[in-house]
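Participant: One structure, as C-alpha cells, below. Some questions next.
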Amino acid sequence: MQTGNDSDPKTREQIAFLLGQDRSLVHSRDTKGRTPLHYAARSSSEETARSLLRTGADPLCCNKQGTSVLHFAAQGSSRGIIQLLLDLDTDVNATNVYQESVLQQAFFTNKATSGTIKYLLEKGAMVYSEDVYRSNPIHAAAKRPDKYLTVLLATGANPIAPSLKGSPLLLTVISGKGLNSQLYLRHLPEDYDLNRLDYGGISVLDFLNQYPPSLSQELGFTLKHWTGYIPTPLVARRDNVLKTLGWRIQKMISADEYMQRQLCYRTGHLFLLAGDDESARVMLEHDVDPKSKHGIPHFMVGYCDRCYTDNTVLLKCRTCPMITLCPGCQSQGDVTKGEAQQCEGHEYLSIPSDEWHDLAVGKVNREGQTFEECLQTLQERYPVTE
C-alpha cells in the first residue's frame with residue numbers, strides 16, 4: 001500500500017490546533033460545508049486523516065455540493081487515504097450534486113498517480129458514469145497528462161464518447177495535449193468520421209483548420225486524417241447548435257449559481273453560432289463579476305486565449321467563438337488562421353458591452369429582465385428537441 005507522506009504540514013498543524021481546543025470541532029464545517037477530514041484528504045495528510053477518524057470524524061460526510069471525503073481524497077496523492085476510506089464502506093461510485101464521480105474528480109488535479117487510478121478501477125469505479133454535462137472520466141482525462149488516459153483506454157473506455165462539452169478528441173485538441181491526441185487517434189474506430197459534428201457544430205478538423213498546419217502535425221494528425229475533409233457549412237453548424245440550446249437553458253434554470261455560471265459561458269458560445277448576439281451577451285456577461293461593474297471587468301470563467309488575463313474586456317469571434325482575445329492581444333494581430341471556410345475574418349463581439357455598465361442592479365438586458373426571467377423567455381424561444 002502506498003501511504004501518504006503528510007506533505008502539507010500547515011494543514012496538519014491547523015487541524016491539530018483545532019482539535020486541541022475542542023475535540024468536538026472534528027465535526028465543524030466551513031462556509032462550503034467542508035470538514036477537517038475533507039481538508040486532510042485533499043492535502044494527502046494520511047496521518048491526520050487517521051487521527052481525525054479515531055476522534056470520531058464521519059468518513060461518509062459530504063459538503064454542501066454533495067462532494068464526499070472520498071472525492072477529495074481522489075484529488076490528492078495518497079492512495080493510503082483512499083484505501084482507508086474504502087475500508088470504512090464509503091462508495092467508490094459516489095456522485096455529488098453535479099453527478100461528478102470519485103473517478104472524475106481524480107482528474108481535477110495532476111496529483112493522482114496512475115497507480116491510484118488503477119486502484120479505483122479495481123475497486124469498481126465506473127468509467128461510464130456521466131455528470132450533468134454528460135461527460136465521463138474519459139473526458140475529464142483529456143486535458144491531463146497522458147498517463148491517466150493510457151490507464152482508462154486500457155480498461156476499454158470509449159474514446160469517441162459524446163458530451164455537451166465535446167468529444168474526448170476535441171477536448172484534448174483544444175487543450176493542445178499532443179500525446180493525448182495521438183493516443184485518441186490510435187484508438188479511434190477505423191470507420192470513425194473526422195467530419196462528424198462536435199461541440200459548437202464543428203468537427204475536430206474544422207477546429208484545427210482555424211490554425212496553421214503545424215499545430216495539426218504536432219497533435220499527430222497526418223495527411224491521411226485530412227483526406228476527405230469537408231468544411232462544415234455555417235447553416236449546418238447552426239442547425240446542430242439549435243438542437244442543444246434548449247437542453248442547456250433547461251439545465252441553467254434548475255442549476256445552482258456555480259453550475260449556472262459554468263453553463264452560461266459555454267452556452268454563450270452556442271448563441272453566437274446560432275446568430276443570437278443579444279442572448280450571447282446575456283450569457284457571457286453573466287460571467288463578469290458584478291463588483292467590477294464600475295471598473296475593469298473581471299471574468300470568473302472566461303479569459304484571453306493568448307495571455308490568459310481575466311481582468312479585461314473580452315473579444316469573441318462570432319463565427320469561431322472558441323477564439324477569445326483581450327483588446328491588447330487582438331491589437332498585436334488576430335489568431336493565425338488556416339484555410340477555414342467557415343470564418344472569412346474574425347468579427348468580434350465585445351464582452352461586456354457599454355450598455356452592461358448602465359443596466360440597473362439585477363437586470364441583464366434592455367427589457368429590464370432579471371437573469372431568471374430572461375431564461376424563461378429563452379426557454380420558450382428555444383424549446384428542448386430530441
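The values are calculated or read from the model by the stated rules, or taken from the named source; none is laboratory data. Everything quoted here is computed from the prediction, not taken from an experiment. Quick reminder, even Gly has a Cβ in these numbers, built from the backbone with ideal geometry, and neighbours come from all protein chains shown.
Participant: Pairs under 8 Å by beta carbon, first residue closer than 16 Å to residue 108 by Cα in region 75-87, partner in a helix (DSSP H, G or I) and basic (Lys, Arg), six or more apart or different chains?
Facilitator: So the pair list comes out as 75/42; 76/42.
Participant: Here's another thing I want to ask about it. Could you please let me know if residue 214 is of a type in the set (S, T, N, Q), assigned to a loop (DSSP other than H, G, I, E, B) and not assigned by TED's automatic domain parsing to the domain that holds residue 120?
Facilitator: On the way: of a type in the set (S, T, N, Q): yes; assigned to a loop (DSSP other than H, G, I, E, B): no; not assigned by TED's automatic domain parsing to the domain that holds residue 120: yes.
Spelling it out, it is not the case that residue 214 is of a type in the set (S, T, N, Q), assigned to a loop (DSSP other than H, G, I, E, B) and not assigned by TED's automatic domain parsing to the domain that holds residue 120.
Participant: Say we look at region 227-247 and pick out the residues that are in a helix (DSSP H, G or I) and of a type in the set (S, T, N, Q); which of these is nearest to the chain's Cα centre (by Cα)?
Facilitator: 244
Participant: Check whether at least one residue in region 86-105 is touching a helix residue (DSSP H, G or I) at 6+ places or on another chain (Cβ under 7 Å), among the aromatic types (Phe, Trp, Tyr) and under 20 Å from residue 45 (Cα atoms), and report yes or no.
Facilitator: Among the residues of region 86-105, not one is touching a helix residue (DSSP H, G or I) at 6+ places or on another chain (Cβ under 7 Å), among the aromatic types (Phe, Trp, Tyr) and under 20 Å from residue 45 (Cα atoms), which makes the answer no.
Participant: Looking at this structure, is residue 185 surrounded by 14 or more Cβ atoms within 10 Å (Cβ to Cβ) and aliphatic (A, V, I, L, M)? Explain how you work it out, then say what you get.
Facilitator: Details: surrounded by 14 or more Cβ atoms within 10 Å (Cβ to Cβ): yes; aliphatic (A, V, I, L, M): yes.
Answer is yes for this residue.
Participant: Still on this structure, I have one more. Just wondering, is there one or more residues in region 78-94 that are within 20 Å of residue 259 (Cβ to Cβ) and within 17 Å of the chain's Cα centre (by Cα)? Spell out how you get there, then give the answer.
Facilitator: Going through region 78-94, the residues within 20 Å of residue 259 (Cβ to Cβ) turn out to be 94.
From what is left, the residues that are within 17 Å of the chain's Cα centre (by Cα) are none.
No.
Participant: I'd like to verify a number: residues in region 173-218 that are of a type in the set (A, V, I, L, M), under 18 Å from residue 163 (Cα atoms) and touching a residue at least 60 places away in the same chain (Cβ under 8 Å), how many?
Facilitator: Looking only at that region, the number is 2.
Participant: Here is a follow-up. Can we say residue 135 is closer than 24 Å to residue 82 by Cβ and crowded, with 21+ Cβ neighbours inside 10 Å? Please lay out each step first, then the result.
Facilitator: Numbers: closer than 24 Å to residue 82 by Cβ: yes; crowded, with 21+ Cβ neighbours inside 10 Å: yes.
Here the answer is yes, as residue 135 does meet what is asked.
Participant: Out of (1) assigned to a loop (DSSP other than H, G, I, E, B); (2) more than 22 Å from residue 145 (Cβ to Cβ); (3) not hydrophobic (A, V, I, L, M, F, W, C), the odd one out for residue 165 is which?
Facilitator: (2)
Participant: Would a scan of region 96-103 turn up a residue that is crowded, with 21+ Cβ neighbours inside 10 Å and either out of contact with any Leu (no Cβ under 8 Å at 6 or more places or on another chain) or outside the structural domain of residue 24 (by TED's automatic domain parsing) (or both)? Working first, answer last.
Facilitator: Step one: of region 96-103, the residues crowded, with 21+ Cβ neighbours inside 10 Å are 100-103.
Checking which are either out of contact with any Leu (no Cβ under 8 Å at 6 or more places or on another chain) or outside the structural domain of residue 24 (by TED's automatic domain parsing) (or both) leaves us with 100-101.
Within region 96-103, one or more residues are crowded, with 21+ Cβ neighbours inside 10 Å and either out of contact with any Leu (no Cβ under 8 Å at 6 or more places or on another chain) or outside the structural domain of residue 24 (by TED's automatic domain parsing) (or both).
Participant: Mind listing whichever residues of region 31-61 are under 26 Å from the mean Cα position of the chain (by Cα) and not aliphatic (A, V, I, L, M)?
Facilitator: Matches in region 31-61: 31, 32, 33, 34, 35, 38, 39, 42, 43, 44, 61.
Participant: Inside region 68-97, can you point out the residues that are touching a His at 6+ places or on another chain (Cβ under 8 Å) and assigned to a loop (DSSP other than H, G, I, E, B)?
Facilitator: First, pick out the residues of region 68-97 that are touching a His at 6+ places or on another chain (Cβ under 8 Å): 69, 72, 94, 96.
If the condition is that a residue be touching a His at 6+ places or on another chain (Cβ under 8 Å) and assigned to a loop (DSSP other than H, G, I, E, B), then 94, 96 are the ones that fit.
Participant: Kindly indicate whether residue 224 is under 20 Å from residue 108 (Cα atoms), assigned to a helix (DSSP H, G or I) and of a type in the set (Lys, Arg).
Facilitator: Details: under 20 Å from residue 108 (Cα atoms): no; assigned to a helix (DSSP H, G or I): yes; of a type in the set (Lys, Arg): yes.
Considered against the rule, which asks whether it is under 20 Å from residue 108 (Cα atoms), assigned to a helix (DSSP H, G or I) and of a type in the set (Lys, Arg), residue 224 comes out as no.
Participant: Any idea how many residues of region 190-211 are over 14 Å from residue 323 (Cβ atoms) and either in contact with a Phe, Trp or Tyr (Cβ under 8 Å, 6 or more places away or on another chain) or not in a helix (DSSP H, G or I) (or both)?
Facilitator: 11
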